[in-house]
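The next block holds one structure in the form of structure tokens; read it before the comments.
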Amino acid sequence: MNLTYLGTAAAEGIPGIFCACDTCREATRRGGKDLRTRSQAIVDDTLLIDLPPDSYFHMLRDGVSLPDIEHMLLTHTHSDHFLASELYYRRPGFCDTRATLTIYGNDTLKRNADALVEKTGTTYEKSKLACVELTEFVPHDVAGYTVVPLLARHARDEKCFIYLIGRDGKWLLYGNDTGIFPDATWDYLHGRKLDLVSLDCTCGKRAEGTNHMGVPDLITMRQRLADAGCLHEHTQLVATHFSHNGGLLHADLEALLNPHGYEVAYDGMRVEI
Ligand SMILES: [Zn+2]
Ligand SMILES: [Zn+2]
Ligand SMILES: [Zn+2]
């Protein structure tokens with residue numbers, strides 16, 4: 001398997017849309033790895049994770065063939081991870097839609113998708129769209145991958161997911177918008193060896209522990225993962241989903257995270273698992 005990071009920023013992007021802070025100014029000046037779009041990733045160029053506002057840009061910049069994507073996992077319905085209105089353009093008259101797109105996520109996603117389909121006067125069939133509600137901790141076969149939604153510690157009014165994805169004996173854990181995992185997720189993970197762990201690092205040097213994480217939380221997470229028996233000699237740890245409010249540029253993040261075994265994701269980074 002491989003995982004490609006298409007976007008690696010939190011909700012506003014880096015530089016943040018409309019933001020004049022020093023971090024955003026300097027990110028613009030430096031360019032390269034300091035320019036971050038809203039978080040999205042893809043497994044083996046097949047299994048897309050999240051639908052942020054920059055999805056269309058990722059189609060142009062990274063060659064993601066959105067017309068051919070058939071499976072999309074959604075972590076939760078905040079608009080930086082699920083811009084529902086984009087699905088409106090799958091309707092007849094707007095789109096020569098050929099492949100059926102199945103979206104997978106929590107109960108809130110299912111309700112929002114049903115409402116969107118109804119509001120726009122179409123049907124799932126006409127839009128070649130399907131929505132599958134997943135249950136936390138219940139494995140689901142998605143295009144030959146075993147996908148297990150685990151609970152994040154994030155929004156209080158929604159059951160936010162992180163995804164455990166397996167194929168051919170390899171396992172990756174993709175999280176964003178999560179604090180230190182809730183107990184039920186630790187219970188599920190206990191003793192399961194992971195080959196790639198990708199975690200939220202929204203808050204820069206600041207620890208948060210709930211909702212999002214910062215560098216001190218990631219150091220704690222590495223120890224917790226080790227204590228739970230999830231790490232092996234070659235487990236890759238990656239930090240992603242950065243906010244300009246964290247005040248750290250790519251080189252700053254590397255200086256803080258590399259010594260603790262984390263790689264710092266950037267837009268376009270591909271990890272082989
Ligand atoms: Zn987010
Ligand atoms: Zn800013
Ligand atoms: Zn969120």
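So what is the calculated 222 nm ellipticity per residue for the chain, using -39500 (n - 2.57) for each DSSP H run with n of 4 or more, over all residues, to the nearest 500 deg cm²/dmol? Write down the numbers at each step before the final one.
On the way: 6 runs with 58 residues, N = 273.
After summing the helix terms and dividing by the residues of the chain, the value is -6000 deg cm²/dmol.
Rounded to whole Å, the principal axis extents of the Cα atoms in the stretch 66-125 read 28, 24, 19, largest first. Between the stretch 233-273 and the stretch 166-190, the alpha-carbon centres lie 18 Å apart. From most to least packed by mean Cβ count within 10 Å, the peptides 42-49, 212-219 give 212-219, 42-49. Under 5 Å from the amide H of Val142 lie the amide H atoms of Val147, each residue being 5 or more positions distant or on a separate chain, with H modelled from the backbone and absent for Pro and chain starts. Positive-end ranking of His260, Val138, Leu74 along the dipole of the stretch 2-272, with charges on Cβ about the Cα centre, is headed by Leu74.
Could you list the GluC sites (Glu not before Pro) in the stretch 36-141 that lie in coil according to DSSP, counting only those with at most 10 other Cβ atoms within 10 Å of their Cβ?
Counting only loop positions with at most 10 other Cβ atoms within 10 Å, the GluC sites (Glu not before Pro) in the stretch 36-141 are Glu125.
Placing +1 on each Lys and Arg Cβ and -1 on each Asp and Glu Cβ, with no other charges, gives the chain a dipole about its Cα centre of roughly 300 debye. Cross-link pairs exceeding 28 Å between alpha carbons, from the set Lys33/Lys110; Lys110/Lys205; Lys128/Lys159: Lys33/Lys110; Lys110/Lys205. Sorting the segments 59-69, 99-109, 4-14 by their residues' average number of neighbouring beta-carbon atoms within 10 angstrom, most packed first, yields 4-14, 99-109, 59-69. Of all DSSP beta bridges confined to the chain, the antiparallel ones make up roughly 50%.
Take the alpha carbon atoms of the chain, find their radius of gyration, then divide it by 2.2 N^0.38 Å using N residues; give the quotient. It would help to have the intermediate numbers written out before the result.
Details: Rg = 17.9 Å, N = 273, 2.2 N^0.38 = 18.5 Å.
For the chain, the normalised Cα radius of gyration is 0.97.
Accessible area per residue for the chain, computed on protein heavy atoms with a 1.4 Å probe, is 43 Å².
Counting only protein heavy atoms and a probe of 1.4 Å, the accessible surface of the stretch 2-272 is 50% carbon and sulfur.
With N residues in the stretch 140-218, what two-decimal value do you get for its Cα radius of gyration over 2.2 N^0.38 Å? In units of the globular-protein estimate, the stretch 140-218 measures up at 1.12.
Computed about its Cα centre, the charge dipole of the stretch 159-273 is approximately 160 debye, with only Lys, Arg, Asp and Glu carrying charge at their Cβ.
If you take the Cα centroid of the stretch 102-130 and the Cα centroid of the stretch 55-76, the two points sit 17 Å apart. Ellipsoid fit via the Cα gyration tensor, the stretch 117-273: semi-axes of 28, 20, 16 Å, each the root of five times an eigenvalue, largest first.
Size descriptors for the stretch 72-170: radius of gyration and Dmax over Cα atoms are 14.2, 43 Å.
The values are calculated or read from the model by the stated rules, or taken from the named source; none is laboratory data. Quantities reported herein were computed from a predicted structural model and do not represent experimental measurements. Here Cβ is always computed from backbone atoms with ideal geometry, including for glycine, and neighbour counts include all displayed protein chains. Calculation scope for accessible area: heavy atoms of the full protein, side chains included, ligands and nucleic acids excluded. Shrake-Rupley method; radii C 1.70, N 1.55, O 1.52, S 1.80 Å.
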